[in-house]
Amino acid sequence: MPRASRADLSSFASMVAQHLPGDWSSDYLSHPTYPDQFPRAEYIWDLGMVYGAVSTYVLDHDAILTGPGGIRLYVIDRPLHPDQFLVGVFAPDELKETYFWSNATPNGIAVSNNPARAAHQITRRLLPRYEQAVARTEPPFLEHAAEHGDRAADQSQATEPWPIIPDLGLSPMDFRIEGFAPATDQIADELHHLRLGDEYFAVRAAYHSPDERHSFWLLFDKLATYDVPGTAEYVTLHLTRDLEERTFAWQVARHPLIPLAQNWLIREGCPAQSVLRSHPDRPPPADAATTRLEDQLRSNTGDRYELVDHYSSGSPDSGIQVRTLLYDRHPDAESAPYRLFLEETPPSLRTYTLREIAFTTAAKANAWTRHRHRTRPVESASASRASRGGQTETSRVVTQTLASPPAPVTSRQPSAPPPPYGRRSTP
């Protein structure tokens, strides 16, 4: 299935309409001037990415898909992401005057530029969210909610198909840059983009140097849930301030696992004790094996690991799963260097586990993830080899990891790239 470029929004929207369930039509329109984009987007039922894009960026064109029962979808380019589009939904005619801008708002999603996959994402994520939002605005539900309080709202969301995210008490980010200017135009653009959703970042850890030149953050991105499937949920930020020039710059990265995010921050110069503090919103590890593996990833002694790929997913029934594939340079991993770290949080969100599974190739790791419920995992070679002292080889290595500064877990760039591992950017 071909992927669409920005110039192909019209054909992309038409092909998405063909893949959606039921009878859908597409209406494409280019915008000669900036104000022309607003009438078409007047009743977008969104308080997230789609609303931010429409209100902030110049959109040269858009498309409206109309489907069964009069439901309408709004399709636009995703700013700063040339390989993605944004899809939002219009409020039903009977709600246009009230909008119901509340927790019921079915915020839009980012989709792949592969029309078939985009239609699948819309069908699995956006359309159920829209139906649920409409149900929450109907009189029977409102009367029940008024009588029973928040419990009714909680129960109404029990069948949501997207991952479970706890209430994190989110608030807008304070970057501490008042009186400072971006050092480059790129930093200015990144700041603008980051602030579109800064209220959706929950601070897991933060450190500000006494001389005010450096700030570090470990953030949880709630909007990642509504982004391209598989998007990593943890963001690290290292902000540097030039006190003489009154300018600032930063480095930003995404990570699938907290230990990898902590490793990045420590390598950037953040004191280790500042990123190791537990956060009350995060469940504790379920066992010693989880803690041991997290220590191992956080330390990454001798540049042991390189990131190959990752994918985050979840549902109310199965909980949250994060699959992270790393290339392991440890001598004991020579026969099976591809290590899949599987983090699983049950629906109760009370604890989580992290397990390591060894594979000889990335392709075999990919095959296992696709058939994981029918396939017995291969035990890690290092985890199965006991050392003379009775500890596993893996745990023996971990005891040495705190003796030197951790090395960063970087993306692997071998001369012959490993086979793809279910990567979300290759629909």
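The values are calculated or read from the model by the stated rules, or taken from the named source; none is laboratory data. Treat the numbers as computed from the prediction; the structure is a model and nothing was measured. FYI the Cβ positions are ideal-geometry reconstructions off the backbone, even for glycines, and counts take in every protein chain you see. Note: areas computed on protein heavy atoms with side chains; ligands, DNA, RNA excluded. Shrake-Rupley method; radii C 1.70, N 1.55, O 1.52, S 1.80 Å.
Observations, loosely collected:
- Accessible heavy-atom area order of Glu94, Glu178, Glu306, highest first, probe of 1.4 Å: Glu178, Glu94, Glu306
- FRET E, pair Leu29, Thr291, Förster distance 45 Å, beta-carbon r, rounded to 0.05: 0.20
- Which of Met173, Met15 is most accessible, then next, and so on - probe 1.4 Å: Met15, Met173
- Solvent-accessible surface of protein heavy atoms, probed at 1.4 angstrom with all chains present, puts Arg370, Arg136, Arg254 in the order Arg370, Arg254, Arg136, largest first.
- Using a probe of 1.4 Å on the protein chains alone, the accessible area found for Arg213 is around 80 Å².
- Shape box of the stretch 255-367 [Cα atoms, principal axes, largest first, Å]: 39, 38, 22
- The figure for Asp281 is an accessible area of roughly 60 square angstrom, using a 1.4 Å probe on the protein chains alone.
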